[in-house]
Amino acid sequence: MKIALIGYGKMGRTIERFALQRGHSITVRIDKDNTEDIYSDAFKSSDIAIEFSVPETAFHNVSTALNLGVPVVCGTTGWLDKLDEIKQLCDKQKLAFIYSSNFSLGVNIFFHINRKLAEVMKNYPEYRVSIEEIHHIHKKDAPSGTAVSLAEDILNQIDLKKWSLENGEDSLHISAVRQGEVPGTHSVMYENDIDSITIRHEAKSRDGFALGAVIAAEFAQGRQGFFTMKEVLGL
């Protein structure tokens, strides 16, 4: 499989390592200094693009790739107000588009556990639910896309109006911490005056995210439509 990389920072390089290990080739590496290469023949010849950039450029990168006939796996968060436009473009172009706020196998199992726990806890409103996420100081968006995904799955079950970075009676509080070089830690807590229940996922490196993105790219081959890691992993 011929893969174009959009975003060639630490994540892009880790994705490249796993892609090569799994027998794929890299057609082009696009970063902030050569953004015009998205229009190159090398890019257009790619079987798929894997996009890990920044929120400000993600929509442009994904829409351009799809318009050029290249399916996309995207892990950039912080731009989802335009996700519906991308889904429509994906259908129009009859291509595959896979989005996840986190491609780690462990995190997606964690998402599954979070949904199941929320189904149980909706029957116990005396427990107050909250989320904490901790990431490295270079992360651009807060809260993380993973924390937002966790929150939205909880809100589908529990009677709260929204998630918020501020404490509020009718909202699900997300605490976003930025420190050091932490790859990513997410905790979901249910607490009352008697006890507390916590589920937690801690990433030890970027490897899980990168491997999951390559597996998603492999899943996309021969498919059309919008997918998430839930479909990729059969959860």
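I want the local charge near residue 112. Using Cβ-Cβ distances under 13 Å, sum +1 for each Lys or Arg and -1 for each Asp or Glu among the other residues. List each step's numbers first, then the result.
Numbers: positive: 115, 116, 230; negative: 119, 153, 231.
After counting each charged neighbour, the total is 0.
Ranking request for peptides 193-201, 5-13, 28-36: highest mean number of other beta-carbon atoms within 10 Å first, then the rest in descending order. Don't skip to the end; give the middle numbers.
On the way: 193-201: 12.0, 5-13: 20.1, 28-36: 14.4.
Packing proxy ranking, top to bottom: 5-13, 28-36, 193-201.
For the chain, what D do you get in µm² per second when you plug the Kirkwood radius from alpha-carbon pairs into Stokes-Einstein at 25 °C and 0.890 mPa s? Write out the running numbers ahead of the final one.
Values: Rh = 18.5 Å.
In µm²/s, the coefficient is 133.
Mind checking the full-extension length gain between residue 1 and residue 123? Use 0.36 nm per residue of separation minus the Cα-Cα distance, one decimal, nm.
Values: separation 122, 0.36 × 122 = 43.92 nm, distance 4.75 nm.
My answer for the length gained is 39.2 nm.
Report the FRET efficiency, 1/(1 + (r/R0)^6), for residue 164 and residue 113, where r is their Cβ-Cβ distance and R0 is 35 Å, rounded to 0.05.
On the way: r = 23 Å, r/R0 = 0.66.
My answer for the efficiency is 0.90.
Using 1/(1 + (r/R0)^6) with R0 = 22 angstrom and r between the beta carbons of residue 177 and residue 140, what's the FRET efficiency to the nearest 0.05?
0.90
Residue 82 to residue 13: extension gain in nm, 0.36 nm per residue of separation minus the Cα-Cα distance? Walk me through the numbers before you get to the answer.
Working: separation 69, 0.36 × 69 = 24.84 nm, distance 2.68 nm.
Value of the extension gain: 22.2 nm.
So how far, in whole Å, is the C-alpha centre of the range 207-235 from the one of the range 28-78?
Going from one Cα centre to the other spans 17 Å.
Rounded to the nearest 5, what % of the DSSP beta bridges within the chain are antiparallel ones?
DSSP beta bridges in the chain are roughly 35 percent antiparallel.
Using only Cα atoms and rounding to the nearest 10 degrees, what angle (0 to 90) does helix 10-21 make with the longest principal axis of the chain?
Helix 10-21 sits at roughly 60 degrees to that axis.
Spelling out what I want: for every residue of the range 81-87, take phi, set θ = phi - 60°, compute 6.51 cos²θ - 1.76 cosθ + 1.60 (Karplus), and round to whole Hz; glycine and proline get x.
Those phi angles translate into 5, 10, 4, 4, 5, 5, 4 Hz.
For the range 105-202, what is the convex hull volume of its Cα atoms per residue in Å³?
Numbers: hull volume 9.4 nm³, N = 98.
Taking only Cα atoms, the range 105-202 has a hull volume of 96 Å³ per residue.
If we count other beta carbons within 10 Å of each Cβ, what is the order of 90, 74, fewest first?
On the way: 90 23, 74 27.
Taking fewest neighbouring Cβ atoms as first place, the list is 90, 74.
Every number here is computed from the coordinates shown, using simple stated rules; none is lab data. Fair warning: this is a prediction, and the values are worked out from it, not measured in the lab. Heads up, the Cβs are rebuilt from the backbone with ideal geometry, glycines too, and the neighbour counts pull from every protein chain shown.
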